[in-house]
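Here the structure is laid out as structure tokens; the discussion comes afterwards.
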Amino acid sequence: VLFRSWAVVTDVEALLAAVPARFPVLQAHHITLGFNVDEADVADLVGKEFTARAFMIAWDNDIQALRVALPSDVTCNNLHPHITISHREGVKPVQSNDMLTNGTHWRMGLHVDIPVRIEFSPFKARV
């Protein structure tokens, strides 16, 4: 079975109080650490708690995300570890990756510590 690994935000309300949403559709609940992860490779990490440090908020006309730094013992296969905070209706949260990669966004430095806990969920391939 393949899994998705997440660092789940443990206090979404506190995060949104520190970083208000710009758009109507809220996310603000996880950092994607891995996709199509083998259960044997990640089973010992389930429940691990740590603090992610947000160092930049970024947004464009459709989506808003926080760039985060992770502890050295937490692996992430995402080029730009982040939390999607909010987006417009009809915009997929995965567009945060594109926004952060293409560099066509506004950004501002900040410092917010975010408590998270690693969880995994089975990945169901789309057919």
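The values are calculated or read from the model by the stated rules, or taken from the named source; none is laboratory data. This structure is a prediction, so every number in the text was calculated from the model and none was measured. As a convention, Cβ positions derive from the backbone with ideal geometry for all residues, glycine included, and neighbour counts pool all protein chains shown. These area figures cover heavy atoms from the full protein model, side chains too; ligands, DNA and RNA do not enter into them. Shrake-Rupley method; radii C 1.70, N 1.55, O 1.52, S 1.80 Å.
Can we say Ile83 is under 18 Å from Phe120 (Cα atoms), in a strand (DSSP E or B) and touching a Pro at 6+ places or on another chain (Cβ under 7 Å)? For Ile83, the condition - under 18 Å from Phe120 (Cα atoms), in a strand (DSSP E or B) and touching a Pro at 6+ places or on another chain (Cβ under 7 Å) - is not met.
Screening His80, His87 for residues that are open to solvent by less than 30 Å² (accessible area, probe 1.4 Å), farther than 14 Å from Val9 by Cα and under 14 Å from the mean Cα position of the chain (by Cα) leaves exactly one candidate, His87. Each residue in region 9-53 was checked for being touching a strand residue (DSSP E or B) at 6+ places or on another chain (Cβ under 7 Å), farther than 21 Å from His111 by Cβ, open to solvent by less than 70 Å² (accessible area, probe 1.4 Å) and of a type in the set (A, V, I, L, M), and 5 of them qualify. Given the criteria among the hydroxyl-bearing types (Ser, Thr, Tyr) and modelled with pLDDT under 95, does Thr51 qualify? So Thr51 does not fit the description; no. Taken residue by residue, region 9-19 has at least one member that is part of a strand (DSSP E or B) and in contact with a helix residue (DSSP H, G or I) (Cβ under 6 Å, 6 or more places away or on another chain). Screening Phe50, Phe3, Phe23 for residues that are over 25 Å from Pro122 (Cα atoms) and among the aromatic types (Phe, Trp, Tyr) leaves exactly one candidate, Phe23. The residues of region 90-127 that are open to solvent by less than 70 Å² (accessible area, probe 1.4 Å), among the small types (Gly, Ala, Ser) and either assigned to a helix (DSSP H, G or I) or at pLDDT below 95 (or both), listed by number, are Ser96, Gly103, Ser121.
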